[in-house]
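Note sheet for the following structure.
Computed from the coordinates by the stated procedures, all read-outs in this text should not be read as laboratory data. These figures come from a predicted structure and were not determined experimentally. Neighbour counts are summed over all protein chains in view; Cβ atoms, including those assigned to glycine, are modelled from backbone coordinates with ideal geometry.
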Amino acid sequence: MEEFTILGKKVSKPMKKLEAFDAPEDVKTVTLTSDEVTSLCPITGQPDWYTIEIEYQPDKLCLESKSLKLYFWTFREEGHFCEQLSNIILKDIQKAISPKTLKVTVEMKPRGGIKIRSVAEI
């Protein structure tokens, strides 16, 4: 585990870095949910709003939540389809903490009467 570079520090910009801490031995499942994630439609440039749920079984590390909040912020000016977003988040978390299991659910708030839900998992 690295030293925290985000937690406890004043940070006022988005960051792609996901930080972690040692997983407590008796924690079997961790679920993190945010309904404040936005990105842009890669075609129209219109904003899309998402609810993202991350569920994982820690191996050695747990995801630190402030770094996750700043990581989500990075998508605000990027263009992604909902299905791409779930896969990007899955791969970045896998790289950061190597959990035993990982499931990322991204649900786009309805636009044009259509709601999209994308699930990526390992």
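Points worth noting:
- Normalised by 2.2 N^0.38 Å, where N is the number of residues, the alpha-carbon radius of gyration of the chain equals 1.07.
- Extreme residue, positive dipole direction of the range 1-91, given options G45, H80, L32 (C-beta unit charges): G45
- Overall form of the range 7-57 per C-alpha gyration tensor (a/c, 1.5; a/b vs b/c): oblate
- Full extension of the chain between I122 and T101 yields a length gain of 7.0 nm, computed as 0.36 nm times the residue separation minus the alpha carbon distance.
- Farthest towards the positive end of the charge dipole of the range 23-121, among the residues I97, G112, L61, is the Cα of G112, using unit charges on the Cβ of Lys, Arg, Asp and Glu.
- Above-threshold pairs, the threshold being 25 Å between Cα atoms, out of K69/K109; K69/K100; K10/K91; K66/K103: K10/K91
- Anchor K95: aspartates and glutamates whose Cα lies under 17 Å away (excluding residues fewer than 8 positions away in-chain): E2, E19, D22, E55, D59, E64, E121
- Point-charge dipole on Cβ atoms (K/R +1, D/E -1) for the range 23-121, about Cα centre, debye to 20: 100 debye
- The helix-based estimate of mean residue ellipticity at 222 nm for the chain, built from -39,500 (n - 2.57) per DSSP H run of four or more residues and divided by its residue count, is -6500 deg cm²/dmol to the nearest 500.
- Each Lys and Arg Cβ is given +1 and each Asp and Glu Cβ -1; about its Cα centre, the range 37-87 then shows a dipole of about 200 debye.
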